[in-house]
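Dropping the structure in here first, questions after.
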Amino acid sequence: MTDYTDDIELMEDDELTAVEPSTDDAQLYEHWKMEVDPGQATVRIDKFLAEHMQHSSRNRIQTAAEQGCIFVGDRPVKSNYKVRPGDIITLRLDRPKHDTTIRPEEIPLDIVYEDSDLMVVNKPVGMVVHPGAGNFSGTLINAVAWHMRDVPSFDANDPEVGLVHRIDKDTSGLIVVAKTPEAKTALGKQFFNKTTHRSYNALVWGNFVEDEGRIEGNIGRDPKDRLRMKVFDPESGIGKPAVTHWKVLERFGYTTLVECRLETGRTHQIRAHMKHIGHPLFADERYGGTEILRGQRSSSYRAFIRNCFDLCPRQALHAKTLGFVHPRTGQQMDFDSEWPTDLTALIDHWRKFINGTRRDD
């Protein structure tokens, strides 16, 4: 099962919240279904589902199995059931599934480029890209549906069109949307084959010894926090392979502005990789970036950092550039986006601080 998704914000809730025991006379509703790939190796179903049900922890999956909510075919199974190729696995709960129909909403879009095949959008901070648990409206794809409301051939509910990759809710920057199935297939292959060009700008804690480097480490769910990802040794077999290339753009002593170029696109890849090498993203609460990790002990410095957090109260990460081959014309397309106002204000604040420090010296 191919995954073309980029690093996407994990939801605060999932289908397995408050699972209730099922009884013989209870009406059950199908919430999730998949067929096991022909080449799948034998593995426990709780482990299998933890890898495929992105927003559910293994513990919750085990609870659901104990309550009789995990089915193979028409038979409920326990956590230790070994999946087999061709198995039809379903999650059935005693409540109807939330209506996930994507409806057009009149939300402004910052469209960088558009033609009959695709559109490139500069996503603002705070916007979820696609409806999901806890975010069923106000998303980027709801806005796209409104923008395309007069195009009969575009259906925002058709998985063969729409988002080709994703970025976190609180990450700003460029994202491409396919208007046709042919465009989505062609662009999806480019992301999968790592022929696209994507770079992010990030402010991270700490100073780097080198001017550039490479981070390699599998990305998988943190077993201690299902909303956070963790880096595992490539030889561990845990998670998915991930590679990030970084380069220093500007140094502020206690923080560094870096460019991150993605070779792969995993959930929270930059955030997890930077945390792993000891440089969490500035103001990234989930990965420890809201602690004062470098700097002085003075009250004035603490006040400065608090002011920085107020200026940019989210992870300091922006999807700066995006490049791909146009799916129909074969032309190389390259786009660049300006920093949003909060990131601009944050960087300017650090520049003023470090310049002031040097004058004092």
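The values are calculated or read from the model by the stated rules, or taken from the named source; none is laboratory data. None of the values given here were measured: they were computed from a predicted structure. Counting neighbours? That spans all protein chains shown, and the Cβs are built from the backbone with ideal geometry, glycine included. The area values use the complete protein model at the heavy-atom level, side chains included, leaving out ligands, DNA and RNA. Shrake-Rupley method; radii C 1.70, N 1.55, O 1.52, S 1.80 Å.
Just checking, how many residues over region 138-159 are of a type in the set (S, T, N, Q) and either closer than 18 Å to residue 125 by Cβ or at pLDDT 95 or above (or both)?
Number satisfying all stated conditions: 2.
Restricting to region 301-339, count the residues that are more than 21 Å from residue 170 (Cβ to Cβ), in a loop (DSSP other than H, G, I, E, B) and of a type in the set (Ser, Thr, Tyr).
Qualifying residue count, region 301-339: 1.
Answer yes or no: is there a residue in region 333-345 that is hydroxyl-bearing (Ser, Thr, Tyr), out of contact with any helix residue (DSSP H, G or I) (no Cβ under 8 Å at 6 or more places or on another chain), modelled with pLDDT of 95 or more and more than 30 Å from residue 184 (Cβ to Cβ).
Among the residues of region 333-345, at least one is hydroxyl-bearing (Ser, Thr, Tyr), out of contact with any helix residue (DSSP H, G or I) (no Cβ under 8 Å at 6 or more places or on another chain), modelled with pLDDT of 95 or more and more than 30 Å from residue 184 (Cβ to Cβ), which makes the answer yes.
Name the residues in region 233-249 that are within 20 Å of the chain's Cα centre (by Cα) and open to solvent by 30 Å² or more (accessible area, probe 1.4 Å), would you?
Residues satisfying the conditions are 238, 239, 240, 241, 245.
OK, next. Could we say that residue 152 is open to solvent by 10 Å² or more (accessible area, probe 1.4 Å) and free of Cβ contacts under 8 Å to residues at least 12 places away in the same chain here?
yes
Now, a different point. Considering only residues that are at pLDDT below 85 and either in a loop (DSSP other than H, G, I, E, B) or in contact with a Pro (Cβ under 6 Å, 6 or more places away or on another chain) (or both), which ones fall in region 109-135?
130, 131, 133, 134
Can residue 167 be described as in contact (Cβ under 8 Å) with a residue 40 or more places away in the chain, buried (at least 20 other Cβ atoms within 10 Å of the Cβ), not polar (S, T, N, Q) and not in a loop (DSSP other than H, G, I, E, B)?
No, not satisfied.
Go through region 266-300 and report how many residues are in a loop (DSSP other than H, G, I, E, B), crowded, with 23+ Cβ neighbours inside 10 Å and not aromatic (Phe, Trp, Tyr).
8
Select from region 192-232 the residues that are in a loop (DSSP other than H, G, I, E, B) and open to solvent by 90 Å² or more (accessible area, probe 1.4 Å) and write down the one among them that is nearest to residue 175 (Cα to Cα).
The residue in question is 194.
Please give the number of the condition residue 155 fails out of (1) in a loop (DSSP other than H, G, I, E, B); (2) over 13 Å from the mean Cα position of the chain (by Cα); (3) under 20 Å from residue 324 (Cβ atoms).
(3)
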